[in-house]
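Engineer: Below are the structure tokens for one structure; questions will follow.
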């Protein structure tokens, strides 16, 4: 309870109305002479709680669900006001508002913390491919949106993936039972650190086929880092101690080189690519011509490389898939030599 005398909320005040709408969008409100009556009422309802700052308050879980009803009662046009400053067509705004009203009337009370992006887009955009701007998301329930990708890990390590308030995920028992560990994105996003046994080296691998089929020596940890969504691999790699070296193994094409550079930039590690010495022997049989605007094998964008193999590919306007060398018996020995 607030312990303050009851004060009337002046819903006619533009300052109060702006603050009330901003509270829904940002879940925060600051105390001043205009907002204190509203803050007092919300404290009594246990819809907000005081933050570290003495003048700042934030919505509670209960408040997130109930506060829109208070706005409906006292400021019926609050959603239109919240949308008024956004760059939207009238038809788009009207469609969004109709859908939002329908969802709010037919949505269960105990909303999930996480929601799949396609589910989110369908619910609030009408189509799983709809793009909902950050401005519009500010008017929606505070979900954590997931692509529901998976982190895939191989190796003999017994690394522990530590999660806040949850049991750690021990990779050792999983990797003893299965060919590799597949950890849902929602669990990966809860990780705070890694513990337990560390590998001698960690290697990110671009293609799933190579990740799953490559013969690897003990103490080498593989993490799948797909071109379209390497975020999960990057999150875990950031947590692995810097004394554990990292190397990237990907296709020899423009996007493959860019992926290695992106991972290095995000993790603060040097760019190190695994380039088997015998790879150039595969050029005549497996090199493919580059194509403009292709996802794989697009025209080279980088400056001419100092590496002999990559330079030849650039000059010949060709690229090499990493899977071509998968069954070469020299691959495992080069991996072992790389670790040593």
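The values are calculated or read from the model by the stated rules, or taken from the named source; none is laboratory data. Since the model is a prediction, treat every value here as computed from it, not as a measurement. For neighbour counting, all protein chains shown are included, and Cβ atoms are generated from backbone atoms with ideal geometry for every residue, glycine included.
Engineer: Would it be correct to say that residue 29 is assigned to a helix (DSSP H, G or I), touching a strand residue (DSSP E or B) at 6+ places or on another chain (Cβ under 7 Å) and modelled with pLDDT of 85 or more?
Structural biologist: no
Engineer: Here are 269, 273: which of them is in contact with a strand residue (DSSP E or B) (Cβ under 8 Å, 6 or more places away or on another chain) and either within 23 Å of residue 185 (Cβ to Cβ) or without any contact (Cβ under 8 Å) to a residue 12 or more places away in the chain (or both)?
Structural biologist: From the options 269, 273, the qualifying one is 269.
Engineer: Tell me whether the stretch 196-215 contains one or more residues that are on the phi > 0 side of the Ramachandran plot, free of Cβ contacts under 8 Å to residues at least 60 places away in the same chain and assigned to a strand (DSSP E or B).
Structural biologist: There is at least one residue in the stretch 196-215 that is on the phi > 0 side of the Ramachandran plot, free of Cβ contacts under 8 Å to residues at least 60 places away in the same chain and assigned to a strand (DSSP E or B).
Engineer: Tally time: how many residues in the stretch 227-239 are without any contact (Cβ under 8 Å) to a residue 60 or more places away in the chain and in a loop (DSSP other than H, G, I, E, B)?
Structural biologist: Adding up the residues that qualify gives 2.
Engineer: While we're here: Residues being out of contact with any strand residue (DSSP E or B) (no Cβ under 9 Å at 6 or more places or on another chain) and either loosely packed, with under 15 Cβ neighbours inside 10 Å or closer than 20 Å to residue 148 by Cα (or both): count how many of those fall in the stretch 185-223.
Structural biologist: Total satisfying the criteria: 4.
Engineer: Can you name every residue in the stretch 122-134 that is within 20 Å of residue 24 (Cα to Cα) and modelled with pLDDT of 75 or more?
Structural biologist: 123, 124, 125, 132
Engineer: Hey, another quick one. Pick from the stretch 84-107 the residues that are part of a helix (DSSP H, G or I), modelled with pLDDT under 80 and within 27 Å of the chain's Cα centre (by Cα): which of them is nearest to residue 133 (Cα to Cα)?
Structural biologist: 96
Engineer: Any residue at all in the stretch 224-241 that's in the same structural domain as residue 156 (by TED's automatic domain parsing), buried (at least 17 other Cβ atoms within 10 Å of the Cβ) and over 26 Å from residue 146 (Cα atoms)?
Structural biologist: No, the stretch 224-241 has no match at all.
Engineer: Looking only at the stretch 133-170, count how many residues are touching a residue at least 24 places away in the same chain (Cβ under 8 Å), surrounded by 15 or more Cβ atoms within 10 Å (Cβ to Cβ) and over 30 Å from residue 77 (Cβ atoms).
Structural biologist: 18
Engineer: Further, regarding this structure: I'd like to know if the stretch 168-184 contains one or more residues that are over 30 Å from residue 216 (Cβ atoms) and not assigned by TED's automatic domain parsing to the domain that holds residue 61.
Structural biologist: No, that holds for no residue.
Engineer: Looking for whichever is farther than 21 Å from residue 215 by Cβ, surrounded by fewer than 16 Cβ atoms within 10 Å (Cβ to Cβ) and either touching a strand residue (DSSP E or B) at 6+ places or on another chain (Cβ under 9 Å) or without any contact (Cβ under 8 Å) to a residue 12 or more places away in the chain (or both) here; the options are 284, 340. Which one fits?
Structural biologist: Answer to the check: 284.
Engineer: Right, another one. Could you count how many residues in the stretch 135-154 are over 15 Å from the mean Cα position of the chain (by Cα) and either at pLDDT below 75 or not in a strand (DSSP E or B) (or both)?
Structural biologist: 8
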